[in-house]
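S.K.: Just passing along the structure, written as C-alpha cells.
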C-alpha cells in the first residue's frame, strides 16, 4: 500500500480535505465518519443497508457507509452531504431545488437522498422519473411520500426563486437550510463527546420472569461505570401519557410483559460495552398471549384490569338495532389490521447531563413538556428541575410522544454526574417502541331504498399491547369517528383496548381512525353495489353538510367540507372510470380498478383541555423573537406558526427570529400530535402576534391600520402616509413581550358519547387508481387524487407535503406493512414503501374555512392517511372482484382472494 | 492490524491461510450479519486483489473476477445471454449495494434469496476456488449446499466465476412486495435458445423456493422443441419436484407454489421475446 497511514489510523480525503484519523479499520465507516471525523451529517438509520440514510460517495460512487469497513477508504475520496452542499455545483442546485419543492420534511433521509442525487446528476444520465427513482431507490423516506423529492431532482437545474409571503403563501420551510446543508442536528448528533454510553438489557421473551446474578461483581469485572435497575430509580418506576394510565415501568420488576422490555441498563465507555461479557441475568420464559383472542382468560397483565381489558369506548345515538332491522339494505363484515411500525428513519436517541440539582436531556421528541413531567416523576424531581432540549426530530408520527430512551440517560447522568448518551438500534427501536393498534372490527351498515344511511353498528377490539400508552385515546376516538364523515342517525359503536404480551400500541397518525375507516369505507362500497349506485354518488348523498349532527350530536354550522371534497373528485372519478373501462376491455391478465374513500378527524384532544402557549418579545435593540415550542417533526410547524404569527403582527416572516424549543425558554405549546399544532398553537401564535401588534401600535399612538416595519433604525410605523419610530421602553430580556394561550372549546361526552368532543374536524376524500396482475396478485398504483378540506391552507406547499406523506403511509398500511413481534424487527423484513411504490399524487385543496381555526385553518396531519388504505382496497375490489378483509393486502392475499372469488 | 488489504492473490491466500481471518468483499452481507455487534477481529479485504477483478472473454466462455461488483457487471459489454444476469444485478438491494457488493460475496453468503444465484445457475456457472493448497473448479450448483452453506473451506477464496459460451438470451424476474430494496418472495432466471421459433435449449432456475436456488432439469427437457403457444399447458402440468417452498414473513408456501408457475412462464417468454428482438 502506497498510502499507508500510521498504525491504528486511516488516511483519506473527506470533502476535499486530506485527513488522518485514529480508527479501528474494521469499524463501520459510518461510525468513524460520525464519531471520529465529526461528519454528523452522515445519518445512521439501520446499520444494515436497508435505509440508505448513511449514503456517502466513495470515489464518486454512492455506498452505504454502515456496510463498509473504515479501512477500505484508506487512500480514497469520501464525500458527504455537508461537503457536497458547500462545494459541489450539482449539490448546490439540489439544495435550492429541494427548498423550492419542500423535498425535505424532517430531514433525516435528506443526506442519503441528496448524495444519491448528486451521483445521478454527475453521471449525466438523462433525467426521468424512472432514472431518478432508480438512483434514489436505496434511500427510504417516511415523511414526504417521495413525490417532492423526485420533483426536486428533476428540477435541479430550475431557477425559479423561492416564494415569499404570509398566510396562504407556499413559502419554503424556514428551517430547511440546515436540513439541506447537513448542519441539522438530530437526537444522536448532539451527544457530548465525553458522554458515557448506556445500553439497555431487554427481555428476549414475550413474557418472562428473571433473576440477576452478581451485578456489582459483573460491573467491576467488565470495567463498567454503572448498572441501573429498578432499585436505582429515585422517584417512581412508572410512566405513561394518559392520567390514570401511567402503568409502564422504566425497568421491569419481577416479570417482563413483552419481548424487548427493559430490565436493566449498563453504562460505560463504548469500548467497555463492546467488550462486555454476557449480562448476568437468568430468564424464565412464561406463557404469553400475543393477540386479544383468549386474553380474557389469560394471566392478567395489570392487577386492576380484569380480563385484560384496558378500557372501552362507546358512542350511541338513536336506535341502531331498530334502524338496521328496518333497513332496505344491510351489509356487514369483519375486518382486521395488524401492528404498524412508525418506521421513522431516525431511531430514538437521547443524551443527558446533570447541572447541580437539575437534569438536562437532549432528545428527539414530539412532547417536550410531557417528557419533562414524566421524567420528573421518575427522577423524584420537581418538573422545573428537568429541562428538555428537543433536537431536530427525524420523524415521529406519534411514537416519539412517549418516553423511550430519555429515562435511561437521565438516571445514568444523575447517578454518575457525567454526561450519558444512548441511541437505539433499529431492532431495539422496532421491537420496543409503540405501534399502531392491531384491530379486529365487525361493522354493519344499513341504508333505505333511496340509498340513504339509516344506521350503523361497530364493534372494534384493539390490541393495546403490554402497557396503556395512548390506548385509551384510541378506544375513545374510534367510536366517535367510525361512522366516517356521514349522516348516521342511528348509531352504536363500541371499542375495547385489550392488553397482550406485545410492545405497547400507542399513538400513530390517526389514533385508530385509519383502522375503522378500513371497515366502514369498504362496507360503503359493498352497500353502493347492493343499491346499484355509483360509489362516489352514494358517498355524496350521505356525507355530512353544514347543520347536520354528527354521531355525537355535534353540529357544525360552517366548515363541514366533505361535500366539497367529494365534488372536487368528481371529474377525476369520471375520467378514471372511462380509462379503466377502456383498459379492462382489452386486457385479460391485468385489470385496473379505482376506489374512493373518505375520512374525517377531530383536531386536538378528545373532550379534554389541551392548550398551547406562544410567547414573543422585542429586545431593547428592536429584534423580534418568537418563542416557538411546537416541535417541528417535519410537518412544518416552525414555518406555519411563524407565518401565522407574522401575519397577525403584520410583518414579513423574515422579520421573525425563532427561539426554541426548550422547556426552559419556550412555553408549553403542547404535544405535536392529534393534528393540533396548526390549529391550537397556530391560534396561540395568532393571539400572541395580535397582542404584540396592539402594544406596538399603542406605543406609536397610531391606528389599527398602521404598517409595522422592523428595520435597522428600529421599529417604524407608517400610518396614513406618516412614519414614526417607536421608542422602545427599557426591559430585559424584552422591551415588549406578549404571551398568549389558546385551548379549543369542547364539551365532555355523556355516557352515550354525546357532546362536542372537538372544536374542529378536518375532512378528506381520495381516489386510488391501480392495476392488479391477476396471476401474481401484485398491485401497481397508478395515481392517487386527494381532496382535503384544510379550512385554509396557511402554506399550500407544506400542505401538499403532509398529504403526500400521509398517502404513502396509507399505501404501506394497505399493501405491505405488518409488525410481527419477534419476527419483523428490521427494515428488510418490515417493509415500508420505497420511492418506486408511491404513484403520482394530485392534491386538490378545499378551503371551507373554520369557525375556530387561525385564519380558518384546520389541522391536517392525520387526515392525509385515513382515506388511503380503504381507497386502495376498494380499487383492488373494483379491479378484481376480490375484497381484502385482513390487512395488509400482500400479493399472496390478493391472489388467494382472486382464486377463491371472495367478495 | 485487523483489516488486511492485500493486492495480490498470493498475499490474500497467505493471510487467509493463517486462519482466524474472515474474507471481506463489499461488506454488504458481512456487516448486516453482525446485527449490532462488533466487527470481527481480523478481516481480509479482497476488493483490492488484482486477480479477482474484471471480466474477460476466454476461449470457452467468460470469466468474472470474484470481486466484481454488481455495478461493474452492469456496465460491462456482454451479449444477450447475460441479460438475465444483468437484470438480476439491477435487483440486488439498491444502487448503494450494487456499488459495493461483489458477485463472489453473493455466492459465498449463500442466502436462499440471493439475487445472483438463479441467473448464474441458468448460465451453468462454475466457480473457481483458490487456497494455499491449490485451486479447484466446481459447478455453482454443487458449490452451494444449503442455506448459508457452501463447499468453501477455511482459508479458501472464491476467485472467479466461469460462464460457458452459449447462444440464447437470458431473462430474470423477481417477485417482491415492493419496488426497491426487497427480498424475493420468489425469482426465476431463464436462458433460452430459440431455433425456428421453437425452444432449442432452455435453462431455468428458481430462487427463494427451496433451501438453495434450483435448476428445473425435467422442465427444461420437456420444453425442448416447444413453441410459446405450448408453454402454458406444459407449465400447468409440471409438478416442480425440484422446489420445496416454505412459508415465512414474506409469503406462505402455497403462494410461492402458485406464483412460480407464472414467473417461469413469463421468464421464458421474456427471454424468447428478447432473443427475437436481438435477432431482428
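S.K.: Keeping to the range A:196-220, report how many residues are within 15 Å of residue A:269 (Cβ to Cβ) and surrounded by fewer than 21 Cβ atoms within 10 Å (Cβ to Cβ).
M.R.: Selection size over the range A:196-220: 2.
Matching residues to (1) surrounded by 21 or more Cβ atoms within 10 Å (Cβ to Cβ); (2) farther than 27 Å from residue A:30 by Cβ:
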position	(1), (2)
B:22	no, no
B:27	yes, no
B:67	yes, no
B:86	no, yes
B:96	yes, no
B:115	yes, no
B:134	no, yes
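S.K.: How about the range A:354-391: which of its residues are surrounded by 24 or more Cβ atoms within 10 Å (Cβ to Cβ) and closer than 17 Å to residue A:189 by Cβ?
M.R.: Correct list: A:361, A:362, A:363, A:364, A:365, A:388, A:390.
S.K.: For the subset of the range B:177-227 comprising residues that are in a strand (DSSP E or B) and within 14 Å of chain A (Cβ to nearest Cβ), which member is nearest to residue B:269 (Cα to Cα)?
M.R.: So the residue we want is B:188.
S.K.: Further, regarding this structure: Kindly establish whether residue B:166 is outside any strand (DSSP E or B) and at pLDDT 95 or above.
M.R.: yes
S.K.: When only residues in the range B:232-251 that are part of a helix (DSSP H, G or I) and within 13 Å of chain A (Cβ to nearest Cβ) count, which is surrounded by the most Cβ atoms within 10 Å (Cβ to Cβ)?
M.R.: So, considering only residues that are part of a helix (DSSP H, G or I) and within 13 Å of chain A (Cβ to nearest Cβ), the one surrounded by the most Cβ atoms within 10 Å (Cβ to Cβ) is B:235.
S.K.: Given the residues A:776, A:692, A:736, A:781, which is the only one that is buried (at least 17 other Cβ atoms within 10 Å of the Cβ), in contact with a strand residue (DSSP E or B) (Cβ under 6 Å, 6 or more places away or on another chain) and within 14 Å of chain B (Cβ to nearest Cβ)?
M.R.: After applying the criteria, what remains is A:781.
S.K.: Looking at residue A:601 and the list (1) farther than 30 Å from residue A:749 by Cα; (2) under 33 Å from the mean Cα position of the chain (by Cα), which single condition is not satisfied?
M.R.: The one condition residue A:601 does not meet is (1).
S.K.: Let me ask something additional. Quickly run through the range A:108-136 and pick out the residues that are surrounded by fewer than 24 Cβ atoms within 10 Å (Cβ to Cβ) and either assigned by TED's automatic domain parsing to the domain that holds residue A:391 or not in a helix (DSSP H, G or I) (or both).
M.R.: A:124, A:125, A:126, A:127, A:128
S.K.: Kindly state which strands (runs of 3 or more DSSP E) lie completely within the range A:3-84 and contain at least 3 residues that are facing chain B (nearest Cβ under 9 Å) and in contact with a strand residue (DSSP E or B) (Cβ under 7 Å, 6 or more places away or on another chain).
M.R.: In the range A:3-84, A:61-64 are the strands (runs of 3 or more DSSP E) which contain 3 or more residues that are facing chain B (nearest Cβ under 9 Å) and in contact with a strand residue (DSSP E or B) (Cβ under 7 Å, 6 or more places away or on another chain).
S.K.: Does residue A:143 qualify as being more than 20 Å from residue A:840 (Cα to Cα), under 19 Å from the mean Cα position of the chain (by Cα) and either away from every other protein chain (no Cβ under 14 Å) or surrounded by fewer than 24 Cβ atoms within 10 Å (Cβ to Cβ) (or both)?
M.R.: no
S.K.: In this structure, is residue B:128 within 24 Å of residue B:71 (Cβ to Cβ), more than 14 Å from chain A (Cβ to nearest Cβ), touching a strand residue (DSSP E or B) at 6+ places or on another chain (Cβ under 7 Å) and modelled with pLDDT of 95 or more?
M.R.: yes
S.K.: Given the residues A:277, A:316, A:262, which is the only one that is modelled with pLDDT of 95 or more, surrounded by 13 or more Cβ atoms within 10 Å (Cβ to Cβ), in the same structural domain as residue A:379 (by TED's automatic domain parsing) and out of contact with any helix residue (DSSP H, G or I) (no Cβ under 7 Å at 6 or more places or on another chain)?
M.R.: One residue alone meets the criteria, A:262.
S.K.: What is the number of the single condition among (1) at the interface with another protein chain (Cβ under 10 Å from one of its Cβ atoms); (2) buried (at least 21 other Cβ atoms within 10 Å of the Cβ) that residue B:254 does not meet?
M.R.: Only one criterion is unmet by residue B:254, namely (2).
S.K.: Then there's this: Go through the range B:136-153 and give me each residue that's touching a helix residue (DSSP H, G or I) at 6+ places or on another chain (Cβ under 8 Å) and assigned to a loop (DSSP other than H, G, I, E, B).
M.R.: B:148, B:151, B:152
Matching residues to (1) touching a helix residue (DSSP H, G or I) at 6+ places or on another chain (Cβ under 9 Å); (2) over 25 Å from residue A:864 (Cα atoms):
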position	(1), (2)
A:422	yes, yes
A:456	yes, no
A:469	no, no
A:475	no, no
A:478	yes, no
A:481	yes, no
A:508	yes, no
A:515	yes, no
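S.K.: Working carefully through the options B:10, B:29, B:45, B:36, find the one that is within 20 Å of residue B:154 (Cα to Cα) and free of Cβ contacts under 8 Å to residues at least 12 places away in the same chain.
M.R.: Just one listed residue meets the conditions, B:10.
S.K.: What number of residues in the range A:814-863 are touching a helix residue (DSSP H, G or I) at 6+ places or on another chain (Cβ under 8 Å) and without any contact (Cβ under 8 Å) to a residue 24 or more places away in the chain?
M.R.: Selection size over the range A:814-863: 1.
S.K.: When you scan the range B:18-120 for helices (runs of 4 or more DSSP H) that lie fully inside it, which ones turn up with 3 or more residues that are modelled with pLDDT under 95 and more than 9 Å from chain A (Cβ to nearest Cβ)?
M.R.: none
The values are calculated or read from the model by the stated rules, or taken from the named source; none is laboratory data. Because the structure is predicted, anything quoted here is derived from the model rather than measured. With ideal geometry, Cβ positions are generated from the backbone for all residues, glycine too; neighbour counts draw on all protein chains shown.
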